[in-house]
Amino acid sequence: MSSISESSETPWVTGPLVPTEPTPVRSDPIRAATVVTDTAALDSASLAALRRGEDSGLDELIRRWEAPLFTFAWRYVQNTADAQDLVAEAFVRLYRQRDRLRPDTRMSAWLFTTLANLCHNHHRWKRRHPTVSFDAPDDATGLPLSAHTSSSAPAPCDEAERDEALAALRQAIDRLPHDLKTALILHHYEHQSYREIGRVTGCSERGVETRLYRAKQRLREEISAHLGGPAAER
């Protein structure tokens, strides 16, 4: 099984996260449908090879899905080593269950559903067994604790404020219920459609939209309260 490449920086904020109303992703529907169809066809061929006992089928699925799965896991558990282990476990479960999967199984949904459940169970276990991780973000800056081991000049005020907002965002996402957190990460960071998220979470597209709206509302309220914004004054 191939290893997951590590990155020294893992960006959290790629755009507005808390709009007042849920906003569907705007994209070319024909192009998007073509990409999804092509990927699904490749996945079906890889699964068929895996079911025939060909290791190349698993290798192809790992190459195709390892990076997006790791991104999801990292944002869920906020720890590089744990995210790598959880992704590896998802592929182990795929290999073990290969003969029980239907030939028409949608691998993206199966993998993300399996990984989301693994992340949820891991997160609950960590809450019951808290530890200090060298890779975990510091509450004050949002940076890994390892970043504080090297000497550097004090950050300017604007960078300090950004670090505080980033830390507040990460903590707020971490406190979201599993169903809201999963929908938010898949939509905002993995750029999955409502239909794709629905396959992972087992709810309708309207249900996904509701979960996203509730998640963004909670994030807005928590961050405003933490930073002393208008929502904290009401």
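The values are calculated or read from the model by the stated rules, or taken from the named source; none is laboratory data. Because the structure is a prediction, the values reported are computed rather than measured. Because the Cβ atoms are built from the backbone with ideal geometry, glycine has one as well, and the counts that use them run over all protein chains shown.
Restricting to the range 28-63, and then to whatever is part of a loop (DSSP other than H, G, I, E, B) and loosely packed, with under 12 Cβ neighbours inside 10 Å, can you tell me which residue is modelled with the lowest pLDDT? The selected residue is 28. When you look at residue 112, is it closer than 17 Å to residue 55 by Cα and either modelled with pLDDT of 95 or more or outside any helix (DSSP H, G or I) (or both), yes or no? Considered against the rule, which asks whether it is closer than 17 Å to residue 55 by Cα and either modelled with pLDDT of 95 or more or outside any helix (DSSP H, G or I) (or both), residue 112 comes out as no. Pairs linking a residue in the range 102-130 that is touching a residue at least 24 places away in the same chain (Cβ under 8 Å) to a residue that is in a loop (DSSP other than H, G, I, E, B) and among the hydrophobic types (A, V, I, L, M, F, W, C), with Cβ atoms under 9 Å and 6 or more positions apart or on different chains, are 107/101.
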